[in-house]
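**Q** To start, I am sharing the structure in question, which I have written as structure tokens.
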Amino acid sequence: MIDLRSDTVTRPSPQMRKAIAEAEVGDDVFRDDPTVIRLEEKVAELFGTEASVYVPSGTMGNQVALKTLSEPGWEILCERDCHIVNYEVAGPAIHSSLLINMIDTEHGVFTAEDVESHVREPNIHNPLTKIVTIENTHNRHGGTIFPLNEILRIRKVASKHNLLMHLDGARIWNAHIATGAPLADWVAPFDSVSVCLSKGLGAPVGSMILGTKDFIEKARRTRKLFGGGMRQVGILAAAGLYAVEHNIDRLAEDHDSARILAEGLGGIDGFDIDPDRVQTNIVIFDISKTGKTSTEIVGIFKRHGVLGVPFGPTRVRFVTHLDVTAEDCRKAVEIISGLNFDRP
Ligand SMILES: *Cc1c(COP(=O)(O)O)cnc(C)c1O
């Protein structure tokens, strides 16, 4: 099987398992786990932030960050297709009593003007607009990069209106590798940041929240509230450390593999793909012209040894990662180009 469902399907390599086996551990709720402390220091240093805290998942990263930043009843601005709105089980409403004001976009990227026009005037009627969130790279929009110059323009508008900024940077590593802009530049405009170790970097578990020392101490308390205080978790942090030490630069290979898929699929009858939207490791293509649904198409792919996911009724998503090679992607294109969609 060539598994292109997600970059979350990677399995720890033998070297990563060795790092896990040899990890020094302690009780991290007592701050006694040296491996977790090393991971938190290492990731903060990579991004040039004062501190970071380890959490079990990216969802918890976003939710703990939003809870720590906010007060009940605040309004937050989110792009309509973002992970926080679509895949986090109404977390902002349930955990933090936040109202979401959604910004519609064509490709997941909004502008400083969009933010300006969504900030409500402070008066006795209106909810207080207080946070703007950005997802980078944007999952549902095919791994597209939210441009740094627009983020900086948004920061100006945010500061003018006293808005805080949160980055869902699950795949910020991919934006860094695709553009060459330093990790620190991508997070500097934000008050809080969440990044994943378990996507492209290939760790089995874990995300980090980044911010000032003061913010991270508060987030550590929120993490405990959410049941995310963990004990001898250095065995997992060791995998995270291994991932940040070995698997960042190689994301370029995933981007090259995504290009191979995009170009190959673009040449196949029945598929439509906009190559400009393939900027990192995600490839989304339209299959309407095959006359089949995305679920049917994904079923056909699966019977021929290629796994993807339906992305709405007419689109299919492939994601490249550590456990598929460029050769696997060429093979996938070859298999798919040989299929006949007239038959089930
Ligand atoms: C995967 C992902 C997350 C976090 O997901 P978990 O499965 O909870 O780790 C958050 N945001 C984006 C954009 C993601 O793609």
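The values are calculated or read from the model by the stated rules, or taken from the named source; none is laboratory data. What you are looking at is a predicted structure, and each value in this text was computed from that prediction instead of being measured. For neighbour counting, all protein chains shown are included, and Cβ atoms are generated from backbone atoms with ideal geometry for every residue, glycine included. Just so you know, the surface numbers come from the protein's heavy atoms only, side chains and all, with ligands and any DNA or RNA stripped out. Shrake-Rupley method; radii C 1.70, N 1.55, O 1.52, S 1.80 Å.
**Q** Using helices alone, what [θ] at 222 nm do you get for the chain, with -39,500 (n - 2.57) per DSSP H run of 4 or more residues, divided over all residues and rounded to the nearest 500?
**A** Taken over the chain, the calculation gives -12000 deg cm²/dmol.
**Q** At a 1.4 Å probe radius, carbon and sulfur cover how many percent of the accessible area of the chain?
**A** So the carbon and sulfur contribution to the accessible surface is 51 percent.
**Q** If you plug each phi of segment 156-162 into the Karplus form 6.51 cos²θ - 1.76 cosθ + 1.60 with θ = phi - 60°, what whole-Hz ³J(HN,Hα) values come out, in order, with x for Gly and Pro?
**A** 5, 5, 4, 5, 4, 9, 6
**Q** Here's something else I'd like to know. Any chance you could count the Lys pairs in the chain whose alpha carbons are under 13 Å apart, treating pairs 8 or more apart or on different chains as valid?
**A** Lysine pairs, 8 or more places apart or on different chains, close enough: 4.
**Q** Which value, in debye to the nearest 20, describes the size of the charge dipole of segment 262-342 about its Cα centre when Lys and Arg Cβ atoms bear +1, Asp and Glu Cβ atoms bear -1, and nothing else is charged?
**A** Around 260 debye, computed over segment 262-342.
**Q** While we're on this one: How would Tyr242, Tyr87 rank on accessible area, largest to smallest, probe 1.4 Å? If you can, show how the numbers build up before the last one.
**A** On the way: Tyr242 40, Tyr87 95 Å².
Heavy-atom accessible area, descending, gives Tyr87, Tyr242.
**Q** Which one of Pro56, Gly73, Thr35 has its Cα pushed farthest toward the positive end of the charge dipole of segment 1-80, where Lys and Arg give +1 and Asp and Glu give -1 at the Cβ?
**A** Pro56
**Q** Would you work out the relative contact order for segment 52-154, in percent, from Cα pairs under 8 angstrom that are 6 or more residues apart?
**A** 30 percent
**Q** For the chain, report the accessible area per residue in Å² (1.4 Å probe, heavy atoms, rounded to an integer).
**A** 43 Å²
**Q** Compute the separation of the alpha-carbon centres of segment 161-235 and segment 251-323 and state it in Å as a whole number.
**A** For segment 161-235 versus segment 251-323, the Cα centre distance is 29 Å.
**Q** For Leu164, enumerate residues with amide H under 5 Å from its amide H, sequence gap 5+ or separate chain, H modeled in the peptide plane.
**A** Residues meeting the criterion, in which the H sits 1.01 Å from N, are Ile131, Val132.
**Q** Farthest toward the dipole's positive end in the chain, which of Gly206, His95, Ala178, given Cβ charges of +1 (Lys, Arg) and -1 (Asp, Glu) about the Cα centre?
**A** The Cα lying farthest towards the positive end belongs to His95.
**Q** Can you put Thr111, Thr10, Thr212 in order of accessible area, largest first, using a 1.4 Å probe? Working shown, then result.
**A** Values: Thr111 45, Thr10 10, Thr212 65 Å².
Ranking Thr111, Thr10, Thr212 by accessible area, largest first, yields Thr212, Thr111, Thr10.
**Q** Something else about it: Name the long-range amide H neighbours of Ile268: under 5 Å, sequence gap of 5 or more, or other chain; modelled H, no Pro or chain starts.
**A** Amide H neighbours of Ile268: none.
**Q** I need the GluC sites (Glu not before Pro) found in segment 79-160, filtered to DSSP loop residues with at most 15 other beta carbons within 10 Å of theirs.
**A** Glu106
**Q** Give me the percent relative contact order of the chain, please, defined on Cα pairs under 8 angstrom at least 6 residues apart.
**A** On the way: 705 pairs, mean separation 84.3, N = 344.
Once divided by the residue count of the chain, the mean separation gives 25 percent.
**Q** Using the Cα centre of the chain as origin and beta-carbon charges of +1 (Lys, Arg) and -1 (Asp, Glu), tell me which of Ala112, Phe190, Thr129 is placed farthest towards the positive end of the dipole.
**A** Thr129
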